[in-house]
Each structure stands twice: as structure tokens, then as C-alpha cells.
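Shown next, in C-alpha cells, is the structure this report addresses.
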Amino acid sequence: MKVFPEYSGSMHLWPRVEAVPNAKETLAALHPKRTLVVATNAQDSDETEIWAALQRVGLDESIGQVYCFCKIGQKKPAPEFFAYILNDLKVEPELAVMVGDEFSVDIMGAVQAGLRGVWFNPRDLMEQNGPGYCTIHDLMDLERILEIWS
């Protein structure tokens, strides 16, 4: 989802919500092959409100579960945040991939918890690549990365 800094409060109530470019297509392509979840630090929204925001842009159809700070009580990059989700999904960390737009919180938090990370960085050409993580600038590249890692 695009974040509009001029709006505050629960995203589902914002006058304008948008998916990031190629999100709907990418999630639709991945959904039949993978379990897709939302893992967010959003403090202004509970799970129901996050689902409502996803529904407004048609992303809800490809998402299997929503995990948020309100439910978990921890925020990324805390290892407990990722451990809660992995435990709930009954997935080993090495089989999970976190895709996020905040490198230090999303990606490094995930890598430190034993997951792989894909930094979605559409704003500039800066890259961060290392053991267990890489950078993409367009969500359409995600499927290729996941196939390489499989």
C-alpha cells in the first residue's frame, strides 16, 4: 500500500488509498503457489481495519492472513514479531521471506530472525544485497527472486 504522509489514522478511512505499482498483479501471480500474509507495524489499525484497506484496492483476494502490532504486541524488527507469525503459520524461518520497504526494520529484522528478506525500494537505485537478502525496485521482480531461492 502507498503511504500518504498527509493522512493519519487508520488507512481504511483515508480519503485516498492506492496499492503500490504492480502489487495486484504480483500478488495474484504468487497467490496460487505461496502463502501470502501482511506483517505490519501499523499502530492506527487493527486486523479488521487493515483488511478493509486491502479490500479497497483489491489486494485482499490474494492475502491469506494479516498480522499487526495490535495483535502481536511487538513491532518489527523484534525477533518476537517474526517468531509469532512463523509459529502461527507453522513455518520454519528458512522457508519464509519478508518483503518490505524499510530496510533496517523489515529486512534486517527478518534476516536476524532467520528469514530471507527482499527490500522493495522503488524510490531510488540504491541496493542492499547480502547473505539472505536482496533489493528489488519493481514488485514484478519478486517472482523471479522467489524462484531463484526455491
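The values are calculated or read from the model by the stated rules, or taken from the named source; none is laboratory data. Please read all numbers here as calculations on a predicted model, not as lab measurements. All Cβ positions, even for glycine, are placed from backbone atoms using ideal geometry, and neighbour counts span all protein chains on display.
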request  = Out of the residues in region 99-129 that are at pLDDT below 95 and either on the phi > 0 side of the Ramachandran plot or hydrophobic (A, V, I, L, M, F, W, C) (or both), state the one that is surrounded by the most Cβ atoms within 10 Å (Cβ to Cβ).
outcome  = 126
remark   = All-but-one check, residue 95 against (1) closer than 23 Å to residue 136 by Cβ; (2) without any contact (Cβ under 8 Å) to a residue 12 or more places away in the chain; (3) in contact with a helix residue (DSSP H, G or I) (Cβ under 6 Å, 6 or more places away or on another chain), failing number (3)
request  = Using the structure shown, decide if residue 58 is under 26 Å from residue 4 (Cβ atoms), in a loop (DSSP other than H, G, I, E, B), small (Gly, Ala, Ser) and modelled with pLDDT of 95 or more.
outcome  = yes
request  = Scan region 1-41 residue by residue and report those that are out of contact with any Gly (no Cβ under 8 Å at 6 or more places or on another chain) and in a helix (DSSP H, G or I).
outcome  = 11, 12, 13, 23, 25, 26, 27, 28, 29, 30
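Look at residue 61 and say whether it is surrounded by 17 or more Cβ atoms within 10 Å (Cβ to Cβ), without any contact (Cβ under 8 Å) to a residue 40 or more places away in the chain and more than 20 Å from residue 120 (Cα to Cα).
On the way: surrounded by 17 or more Cβ atoms within 10 Å (Cβ to Cβ): no; without any contact (Cβ under 8 Å) to a residue 40 or more places away in the chain: yes; more than 20 Å from residue 120 (Cα to Cα): yes.
No.
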